[in-house]
Amino acid sequence: MKNKDYFLKKAQDNYPVLKFTAITPDISDFTASSGDSFILDLAQHAVGHFSFSFDNVEKFIDAPVRLIIRFGEDMKEINSDFSLYNGNVSKTWLQEEILNLDYPQKVCMPRRYACRYIKITVDETNYPIKFFDFRFTAATSADISALIPCNTEDALLKKIDCVATNTLKNCMQTFFEDGPKRDRRLWTGDLRLEALTNYYTFNNSEIVKRCLYLFAAGECDRLGFLPSYVYETPYYKSGEAHIADYALLYVVTVCDYYEHTADICVVNDLLQICKSQLDSFEAVLDENMIVTMQEGWFAFIDWCPGLEKMTALQGVYLYTLERFSELLKTIGDEDFKKYSSLLTQVRSACKKYLYDENEKAFINESDNRQFSVHSQIWMILGGVINGKEAENLLLLCLDNKNAKQPVTPYMRHYVTEAMMKLGMKDNAVQYLKNLWGGMIELGADTFWEAYVPEDPDFSPYGDRNANSLCHAWSCTPSYFIRKYGF
Ligand code: RAM
């Protein structure tokens, strides 16, 4: 019987081995008095545990020492004033500790941090103290020695690939985390892109398998959709949100997995769940085969403020139907006929009801006539329009200041994918160089959760310090560069 226990056991069977590397920062020791602070640079973004020692200098300290230790993914985070934090996610995500230490000792900090810089402030000490023996023990389940070499000759693309594989490496822990600073959770949308990039880089298929089973063990909502995230610690817990596009992308992740591993056992285990995601989606289509909003429903698509998402969501459905019917056909499952005939019907419905012939774009009432890159891209990925017509529309929307534009590398992955689908390789290369290269110009060691070139401090959470600067869904340049030989 394939129930929660069965899936969790399968997930546990594929538990990865973490590999640890000791990093010694640029400074080996530092003597400080009250009010002094100093910054350690690890010279790379890393995820793990920090330890250090401190001792008396001349006088024996006769009272506890109070330190403030901050971990920053970049220098802006190190230097900003956390008391002004105004984000809408908990301020406890900010990586800062106050330590009261009774006497000189070796301090092994118990929590895991994601950082490149560590700032130590001596808030109070009676007499100067000397710090030494700084050590950051970095952890990842990625096997660096297994990293497939990247063949690009282009210097910027090489650099982008390096930062992208670093991003993936640091998100690869006991499962694919979305970001090792925040949320440290397994999310479907992130998983799909991490898994895809993983096949071309570290190629660890066990961890993908593990993540697929972790979701299979989750609790579906009343409409039948999988949770969009799960927790692993302190015990397994299915997430509260059930994002419609993420539930569909779970199915795509299974299709990708089979394409890269030909592992039919896993597909057989997950097939019923995949079918039920698509069937649940079919159940919310109206008589014209257009998706209708459901109570308590949420589509993600991108963090673009004010984005209307119904057309894009419909595109994700088409994209999934196409991939899933291909999978069923390959494995000889007769249901492929049902899903591919749905695909044809829904595609023509989208052209009929969601496309505006005068505007030559997907602008419609479902989205309050909002013009967005997101709608156009997902309709292209869904195969509603093709060839020159699609190419013109893609270029037009990216160029149009009035169109809603993507704000995350996640959505930009799908823009790049649409370009590749339409054979626009040169545009795709340029797009990667501009957007991911833009983060590198701003000093990124790993790629960020959100990036708006005109507003680099943009945050979906109302405060830049809440942003994750090593975010899994941003790692896909390595997929494009390696798969398509950029
Ligand atoms: C945030 C994270 C995560 C994403 C969800 C929708 O919490 O950025 O990566 O998948 O939103």
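Based on alpha-carbon atoms, the Kirkwood radius and the radius of gyration of segment 260-402 give Rg/Rh equal to 1.00. Every Cα-Cα pair in segment 438-477 was counted, and those over 12 Å apart are 56% of them. Scaled to the globular estimate 2.2 N^0.38 Å, the Cα spread of segment 82-184, given as radius of gyration, is 1.44. Spin-label model, Ile68/Asp102: points 7 Å from Cα along the beta carbon direction are separated by 2.6 nm. Overall form of segment 199-249: oblate. Here a/c, set by the Cα gyration tensor axes a ≥ b ≥ c, is 1.5 or more, and a/b is not larger than b/c.
By definition, a body whose alpha carbon gyration tensor gives a ≥ b ≥ c is prolate when a/c is 1.5 or more and a/b is larger than b/c, and the chain fits this prolate description.
Here segment 21-140 has an Rg and Dmax of 14.3, 47 Å, counting Cα atoms alone. Heavy atoms of the protein chains alone define the surface here; on that basis the chain has 41 Å² accessible area per residue at 1.4 Å probe size. The orientation-averaged projected area of the convex hull spanned by the Cα atoms of segment 152-297 comes to 10.6 nm². Backbone amide hydrogens, once placed in the peptide plane, bring Glu124 within less than 5 Å of Gly35, Arg66, excluding anything fewer than 5 places away on its chain. Put a dot 7 Å past the Cα of His49, heading toward its Cβ, do the same for Asp5, and the two dots end up 3.3 nm apart.
Annotation: amide H of Leu307 has no partner in the under-5 Å range at sequence separation 5 or more or interchain, hydrogens built in the peptide plane.
Computed over all pairs of different Cα atoms, the Kirkwood value for the hydrodynamic radius of segment 370-434 is 11.6 Å. Taking N as the residue count of segment 233-323, its C-alpha radius of gyration divided by 2.2 N^0.38 Å amounts to 1.20.
Whole-Hz Karplus values for segment 203-208 come out as 6, 9, 7, 4, 5, 5 Hz, taken residue by residue from phi with 6.51 cos²θ - 1.76 cosθ + 1.60 and θ = phi - 60°; glycine and proline positions read x.
Assuming a ≥ b ≥ c are the square roots of the Cα gyration tensor eigenvalues, decide whether segment 370-486 counts as rounded (a/c under 1.5), prolate (otherwise, with a/b larger than b/c) or oblate. Cα axes put segment 370-486 in the oblate bin.
Charge dipole of segment 21-140 (Cα centre as origin; +1 on each Lys and Arg Cβ, -1 on each Asp and Glu Cβ, all else neutral): 360 debye, rounded to the nearest 20. The HN-Hα couplings worked out from phi for segment 308-325 by the Karplus form 6.51 cos²θ - 1.76 cosθ + 1.60 (θ = phi - 60°) are 8, 10, 5, 5, 4, 4, 4, x, 4, 4, 4, 4, 5, 4, 5, 5, 6, 5 Hz, whole numbers, x standing for Gly and Pro. Measuring from centroid to centroid over Cα atoms, what is the spacing of segment 361-377 and segment 312-333 in Å? The two parts, judged by their Cα centres, are 23 Å apart. Around the amide H of Glu73, modelled in the peptide plane, lie the amide H atoms of Arg116, all under 5 Å away and 5 or more residues distant in sequence or on another chain. For segment 328-341, backbone phi angles converted through the Karplus equation (6.51, -1.76, 1.60; θ = phi - 60°) give residue-by-residue couplings of 4, 4, 4, 8, x, 8, 5, 5, 4, 5, 4, 6, 6, 6 Hz, Gly and Pro being listed as x. Looking at segment 203-278, the chymotrypsin sites (Phe, Trp or Tyr not before Pro) that sit in a DSSP loop and have at most 16 other Cβ atoms within 10 Å of their own Cβ are Tyr235, Tyr236. Computed from the Cβ-Cβ distance with R0 of 25 Å, the FRET efficiency linking Phe60 to Glu124 stands at 0.95.
Across the options Tyr353, Met310, Tyr414, the greatest Cα extent toward the positive end of the charge dipole of segment 298-440 (unit charges at beta carbon of Lys, Arg, Asp, Glu) belongs to Tyr414. For segment 70-158, the list of trypsin sites (Lys or Arg not before Pro) that fall in a loop by DSSP and count at most 14 other C-beta atoms within 10 angstrom reads Arg111. Using a probe of 1.4 Å, the accessible surface attributed to Glu357 totals some 110 Å² when neighbouring protein chains are kept in position.
Over the Cα atoms of segment 299-344, each weighted equally, I'd like the Debye log10 I(q)/I(0) at q = 0.22, 0.23, 0.26, 0.29 Å⁻¹, rounded to two decimals. Values, matching the q order: -0.70, -0.73, -0.83, -0.95.
The values are calculated or read from the model by the stated rules, or taken from the named source; none is laboratory data. Note that this is a predicted model, so its numbers are computed, not measured. Note that we place each Cβ from the backbone using ideal geometry, even for glycine, and neighbour counts take in every protein chain shown. Heads up: the accessible areas ignore ligands, DNA and RNA and are worked out on the full protein's heavy atoms, side chains in. Shrake-Rupley method; radii C 1.70, N 1.55, O 1.52, S 1.80 Å.
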